[in-house]
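All remarks here apply to the structure that follows.
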Amino acid sequence: MANSFDASYYKRFYSSTPVHSRKKVALLADAVHNMCAWWDVPVRSVLDVGAGLGYWRDWYATNHPKVRRLSVDISEHACEKYDHEQRDISKWAPERKFDLVVCHGVLQYPTAKDADAAIKNLAKATRNVLYLEVPTASDLRNVVDKKATDLNVHARSGDWYRKRLEKYFVQAGAGLWVARSSDALLYELERTKK
Ligand SMILES: C[S@@+](CC[C@H](N)C(=O)[O-])C[C@H]1O[C@@H](n2cnc3c(N)ncnc32)[C@H](O)[C@@H]1O
């Protein structure tokens, strides 16, 4: 079950049919950055958790070089090759908060206990906005491209994630979660009920 996140993992999921391409991440990062601007949330710092090839970090370096960037990953290989700090998000939170935290395709890997701890650490790390993508059991059955996606992961329900995330965040949709402690003001219909 356990994944090794070595060179063969990145080759398998990021070469011919990449699970996330640099071009697609650029579209997403632009949208997320601009939604923060729309909510008057300044993005002065960004933390990319489970950064992999470092697409988010690189997009910020190119497009908003003044934004302070930190990319972390559990993989020794990825940290060495793509220049991240080696951290396990289920055991680590930064000392200072980041305006924007990105956790893209990561939380399906840890066990339930570790994913629960990781969500607490993501909450500790987030001043304003968390961008989170994680395939749920339903996504793994019905949505993901099974040839391009790593299926050696933990399949949990959307409710499992929501129950934990909603303690700390308001769900705004499209992967955006606004910290309950943030000053950002969202209109009622820009967010889900609670
Ligand atoms: C599917 S890749 C996603 C990479 C990148 N975020 C992207 O969207 O392309 C999953 C990444 O999560 C990292 N990862 C898995 N468990 C982690 C953990 N507990 N803490 C930090 N990184 C983790 C892996 O090493 C791998 O680089």
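The values are calculated or read from the model by the stated rules, or taken from the named source; none is laboratory data. Source: prediction; values computed, not measured. Neighbour counts are summed over all protein chains in view; Cβ atoms, including those assigned to glycine, are modelled from backbone coordinates with ideal geometry. To get the accessible areas, we keep the full protein, side chains included, count just its heavy atoms, and leave off ligands, DNA and RNA. Shrake-Rupley method; radii C 1.70, N 1.55, O 1.52, S 1.80 Å.
Quick notes
- Only a single criterion out of (1) farther than 25 Å from L185 by Cα; (2) exposed (fewer than 14 other Cβ atoms within 10 Å of the Cβ) is not satisfied by D30, namely (1).
- A single entry from H20, H33 fulfils the requirement of being modelled with pLDDT under 95 and on the phi < 0 side of the Ramachandran plot: H20.
- Taken over the range 70-81, the criterion of being under 15 Å from the mean Cα position of the chain (by Cα) and surrounded by fewer than 20 Cβ atoms within 10 Å (Cβ to Cβ) is satisfied by L70 alone.
- Restricting attention to the range 115-172, the residues that are in a strand (DSSP E or B), within 15 Å of the ligand (Cβ to nearest atom) and open to solvent by 20 Å² or more (accessible area, probe 1.4 Å) add up to 1.
- The range 162-194, subset of a type in the set (F, W, Y) and touching a Leu at 6+ places or on another chain (Cβ under 7 Å), residue farthest from V134 (Cα to Cα): F169
- Any hit, the range 88-103, residues being within 24 Å of A31 (Cβ to Cβ), more than 9 Å from the ligand (Cβ to nearest atom), open to solvent by less than 20 Å² (accessible area, probe 1.4 Å) and among the acidic types (D, E): yes
- The residue that is nearest to T111 (Cα to Cα), among those in the range 132-186 that are basic (K, R) and modelled with pLDDT of 95 or more, is R156.
- Taken over the range 36-66, the criterion of being open to solvent by less than 30 Å² (accessible area, probe 1.4 Å) and either within 22 Å of R180 (Cβ to Cβ) or among the acidic types (D, E) (or both) is satisfied by C36, W39, V41, V43, S45, V46, L47, D48, V49.
- When the range 13-27 is filtered for residues that are touching a residue at least 60 places away in the same chain (Cβ under 8 Å) and either in a helix (DSSP H, G or I) or more than 9 Å from the ligand (Cβ to nearest atom) (or both), the ones remaining, listed by number, are F13, T17, V25.
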